[in-house]
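Participant: Structure provided below as structure tokens; questions to follow.
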Amino acid sequence: SVSYYDRYHSLEDVRDLIVSYILLDQQDCPGTPRHGQSHPDWLILSGRQERAEKRAMWIDCGIHAREWISPAFCLWFVQYSLNFYNLNNDITEMLNSMDIYVLPVMNPDGYKYTWTTNRMWRKNRSSSKESNCVGTDLNRNFDANWCTKGASNRPCDEIYCGQFPESEPEAEAVANFLRSHKDSVKLYLSIHSYGQMLLFPYSCSNEEVPNYAELFELVQEAAMKIRRYYRNNYKYGASAKTIYVAPGGSDDWAYNLGIHYSFTFELEDRGRYGFLLPPSFISNACNEALLALKSIALRVIQKT
Ligand code: 0X9
Ligand code: ZN
């Protein structure tokens, strides 16, 4: 009776729901488009309270519609948390030290569209009177050097930045949430595919962030663990140099808001299947990203 996308506050509430959802294994389309409803829905994972002012981390998945491994990762992570809390030391420490906000699909209308109509759709599904073309790239719609080089002001383009920063309800809702939780949220993570990269700001300029060395060490260590445990290579570094210059991204915006541990992961693969990653790859892709996430989050807990 309660929708999966409703907010949950305790691990027990969601266990059955999440487990059955994961078992769908991409055979069915989770989530429904919510036309007319402006807020994406997240869930909160929370363990035992260890100190008065509990820290938090934020993970969003599915900014880009066709990157199906991304929502799968958010759900994988939720299921892992539910199953291994109090069994695995890392996840137990993470959940006891931080509330974890998980947004499984930031772009539900676009995601739905990739299941019904066009598997390669990237943007959301917003329309305007100015153009016949549909959709804004949500990862160009945040207020970080908005709509400069690496984004487009043409509504028909794949990297259309929208009419103004946070013009899209999905981006605005996430930005509002983070603005109102910025004191507790220490770690921001956005999950994309593909390319196998662990990225940190900036992407919106070639400038180095003040804690570049620290962020570099974090992604380097995470990539090293993936190499060691899964024999898979991930590139790592500042986005502008590692992938490309692109303004208006959520990671850069969150960084500038004051969340100085801000990352974007590009999950498997490196291009063989690309966005069409077969279901048989889900477990490996998610497990290696989970390893990277745990590695980074535990370090951030030590530092904050
Ligand atoms: O271009 C993007 O938005 C991301 N790559 S993707 O292929 N998944 O579209 C990279 C995001 C890196 N960070 C920023 N551009 N801020
Ligand atoms: Zn993406």
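The values are calculated or read from the model by the stated rules, or taken from the named source; none is laboratory data. Quantities reported herein were computed from a predicted structural model and do not represent experimental measurements. All Cβ positions, even for glycine, are placed from backbone atoms using ideal geometry, and neighbour counts span all protein chains on display.
Participant: Of all residues being of a type in the set (Gly, Ala, Ser) and in a helix (DSSP H, G or I) in the range 144-194, which is surrounded by the most Cβ atoms within 10 Å (Cβ to Cβ)? Just the residue, please.
Facilitator: ALA171
Participant: Can you tell me which residue within the range 260-274, out of those that are surrounded by 15 or more Cβ atoms within 10 Å (Cβ to Cβ) and over 14 Å from LYS235 (Cα atoms), is farthest from ligand 2 (Cβ to nearest atom)?
Facilitator: Selected residue: HIS260.
Participant: Now for a separate question. Every residue in the range 132-155 that is on the phi > 0 side of the Ramachandran plot and away from ligand 2 (no atom under 15 Å from the Cβ), please.
Facilitator: Those that are on the phi > 0 side of the Ramachandran plot and away from ligand 2 (no atom under 15 Å from the Cβ): ASN145, CYS147.
Participant: Out of the residues in the range 205-234 that are of a type in the set (Val, Ile, Thr) and within 16 Å of ligand 1 (Cβ to nearest atom), state the one that is surrounded by the fewest Cβ atoms within 10 Å (Cβ to Cβ).
Facilitator: VAL209
Participant: Something else about it: Answer with yes or no whether ALA285 is at pLDDT 95 or above, touching an Asp or Glu at 6+ places or on another chain (Cβ under 9 Å) and in a helix (DSSP H, G or I).
Facilitator: Details: at pLDDT 95 or above: no; touching an Asp or Glu at 6+ places or on another chain (Cβ under 9 Å): yes; in a helix (DSSP H, G or I): yes.
Criteria not met by ALA285.
Participant: Under 17 Å from the mean Cα position of the chain (by Cα) and surrounded by 15 or more Cβ atoms within 10 Å (Cβ to Cβ): does that describe ILE301?
Facilitator: Working: under 17 Å from the mean Cα position of the chain (by Cα): no; surrounded by 15 or more Cβ atoms within 10 Å (Cβ to Cβ): yes.
For ILE301, the condition - under 17 Å from the mean Cα position of the chain (by Cα) and surrounded by 15 or more Cβ atoms within 10 Å (Cβ to Cβ) - is not met.
Participant: Does any residue of the range 235-245 turn out to be within 15 Å of ligand 2 (Cβ to nearest atom), part of a loop (DSSP other than H, G, I, E, B), surrounded by fewer than 23 Cβ atoms within 10 Å (Cβ to Cβ) and among the hydrophobic types (A, V, I, L, M, F, W, C)?
Facilitator: Initial filter on the range 235-245 (within 15 Å of ligand 2 (Cβ to nearest atom)): 239, 242-244.
Next, only the ones that are part of a loop (DSSP other than H, G, I, E, B) stay: 243-244.
Imposing the further condition that a residue be surrounded by fewer than 23 Cβ atoms within 10 Å (Cβ to Cβ) reduces the set to 243-244.
From what's left, among the hydrophobic types (A, V, I, L, M, F, W, C): 243.
Yes; the residues of the range 235-245 include at least one that is within 15 Å of ligand 2 (Cβ to nearest atom), part of a loop (DSSP other than H, G, I, E, B), surrounded by fewer than 23 Cβ atoms within 10 Å (Cβ to Cβ) and among the hydrophobic types (A, V, I, L, M, F, W, C).
Participant: Now, a different point. What are the pairs with Cβ atoms under 7 angstrom where one residue, in the range 224-241, is β-branched (Val, Ile, Thr) and the other, located anywhere, is modelled with pLDDT of 95 or more? Sequence gap at least six, or different chains.
Facilitator: Between residues of the range 224-241 that are β-branched (Val, Ile, Thr) and residues that are modelled with pLDDT of 95 or more, the close pairs are ILE226/ASN232; ILE226/TYR234; ILE226/GLU288; ILE226/LEU291; ILE226/ALA292.
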